Amino acid sequence: MAHRAVLHVLCVLGVFQKGLTALIETQHTVEAAVGDKACLNCHLIQSGDVLQVTWLKILPEGVKNLAYCHKDFGQKVNSDFTDKMEFRYAGLQNSSIVIRRVMEEDEGCYRCMFNTFSEGAYNATICLQLYELHGPFLHVRESTVVSCSATARPAPTVTLTVPHYDSTSVTNTNGTVTVTTTAGLSRLRSKNTQVGCAVRVLSGPQIEVSMMIPDYDFTLIIVSVVVACVCVCVVAAVVITLLKRKHRNRRSDKDSEEEETPQKAIKDTDETKTPLKKEENELRQRTSTEKDKNHDHPKPSSLEGRRKLSFNSVN
């Protein structure tokens with residue numbers, strides 16, 4: 001990281017530049033997020049007989065040829081970078097390259113060189129500076145604090161769209177910095193306030209997020225809780241009453257069944273005794289019938305027989 005910073009400073013100061021640079025329009029510094037693409041442009045203001053435009057990467061040990069566009073032979077990208085870069089514009093007055101999926105090894109300074117037939121070379125240097133950004137993350141904590149955080153390299157700028165907020169930063173072991181801004185919801189006086197958070201790294205694009213913060217009326221919350229408790233108590237009382245009534249009805253039905261059971265037993269006893277009574281009645285009827293028959297046809301007694309016998313013997 002240190003040698004890249006030194007290299008960037010040297011590029012900006014023009015230590016590695018040779019030839020005429022005043023006639024080339026370009027950005028001295030291009031910033032890009034890690035993983036995105038970076039576009040490097042060079043435009044030769046003065047028209048001339050340009051034979052070739054060459055793109056180079058400046059390294060501590062020298063320069064490395066990346067690509068070129070020739071007047072007669074066309075454009076060509078070095079075989080080591082065909083998967084990494086391509087020409088966006090391959091003109092002899094206006095040249096532009098795109099570096100895809102930039103990583104830390106792509107950070108550094110690049111040179112565009114316009115080779116003319118009679119006036120020599122015109123060149124300019126562009127330094128690519130990368131940044132890393134994760135976030136922003138906006139959320140409400142414990143219903144009382146709104147916070148927004150972002151992690152980036154270098155340190156990001158994190159702002160909240162509220163009048164007053166606090167900011168803290170923590171440097172991580174991988175070189176990134178986490179910045180967190182917080183504000184109390186008591187500072188948000190209007191109802192249903194929309195809170196926004198904006199994050200920026202270097203001069204890169206600003207990223208914004210927002211969310212609606214509802215009005216936290218604690219009186220209403222307390223009243224709602226009390227009403228809910230009352231409703232629960234009423235429902236519980238109704239349920240208990242119904243259960244008691246159901247239990248009472250069950251006991252009443254059970255007592256009624258117990259009262260009816262002995263009568264049924266007595267009735268059954270009577271029914272079981274009925275055949276015996278019937279036989280006794282029949283026996284009595286037969287006995288009385290026999291008595292009646294004997295009464296209608298009486299047998300002669302032994303005394304009367306002896307009298308008749310005595311009478312006959314006298315005669």
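What follows draws every value from the coordinates through simple rules; no lab data is involved. Keep in mind the model is a prediction, meaning the values are calculated, not measured. Backbone-built Cβ (ideal geometry, glycine too); neighbour counts: all protein chains shown.
Counted by Cβ distance under 12 Å from TYR110, the other residues give a net charge of +1, where Lys and Arg count +1 and Asp and Glu count -1.
For the range 19-175, lysine pairs separated by 8 or more sequence positions, or belonging to different chains, with Cα-Cα distances below 19 Å total 7.
Applying both filters, DSSP loop and at most 16 other Cβ atoms within 10 Å, to the GluC sites (Glu not before Pro) of the range 42-111 gives GLU61.
Taking the square roots of five times each eigenvalue of the Cα gyration tensor of the range 106-145, the equivalent ellipsoid has semi-axes of 51, 8, 5 Å, listed largest first. Averaged over residues, the count of other Cβ atoms within 10 Å places the peptides 92-101, 25-34 in the sequence 92-101, 25-34, highest first. All other residues with a Cβ under 12 Å from the Cβ of ALA32 taken together, and with Lys, Arg as +1 and Asp, Glu as -1, what is their net charge? Every neighbour counted, the sum reads -3. Fully extending the segment from HIS28 to ILE207, taken as 0.36 nm per residue of separation minus the present Cα-Cα distance, adds 62.0 nm. Here the mean projected area of the convex hull built on the C-alpha positions of the range 78-196 is 12.4 nm².
Estimated at 0.36 nm per residue, the fully extended path between THR171 and ASP72 surpasses their Cα-Cα distance by 30.3 nm. The chymotrypsin sites (Phe, Trp or Tyr not before Pro) of the range 101-155 that meet both conditions, a loop assignment by DSSP and at most 13 other Cβ atoms within 10 Å of the site Cβ, are PHE117.
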